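This report refers to the structure that appears directly beneath it.
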Amino acid sequence: MVLSPVPLEETLVCRTHTMLKDRMRADLRVYRGAIQAMERSTGKAFDKAQKLAEIARICFEAARDRLNAHVSSHQCEVPYVG
C-alpha cells in the first residue's frame, strides 16, 4: 500500500467544478474569437460582429459567475497542478 503525503480530500476533484471551469474557458475562447472578428470587420459586418461579441461576453460572464457561485457554495476550489 502506497501512502500519499496529500490528504485524500485534497486529491478529490469536484466534477461540477471541472465542468463549470471548462464551460467558462470555452465561453472565453468564443468571446476572444468574437472580439477578433470585430477587429477585422467594417460597416454592417462590424455591427453584426459587435452584437455577437456582446452575446459572447454575456455568456462568458454568466459562466464565470456560475463557477464562482459554485466555489463559494462549498469551497471546492481545485488547486492548480502545473
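So, of the residues in the stretch 3-27 that are charged (D, E, K, R) and surrounded by 15 or more Cβ atoms within 10 Å (Cβ to Cβ), which turns out to be modelled with the lowest pLDDT?
Result: LYS21.
Do we find that GLY43 is modelled with pLDDT of 90 or more and at positive phi in this structure?
Criteria met by GLY43.
Would it be correct to say that ALA69 is surrounded by 12 or more Cβ atoms within 10 Å (Cβ to Cβ), assigned to a helix (DSSP H, G or I) and not basic (Lys, Arg)?
It is false that ALA69 is surrounded by 12 or more Cβ atoms within 10 Å (Cβ to Cβ), assigned to a helix (DSSP H, G or I) and not basic (Lys, Arg).
The values are calculated or read from the model by the stated rules, or taken from the named source; none is laboratory data. Keep in mind it's a predicted model, so treat the numbers as computed, not measured. Cβ: placed from backbone, ideal geometry, glycine included. Neighbour counts: every protein chain shown.
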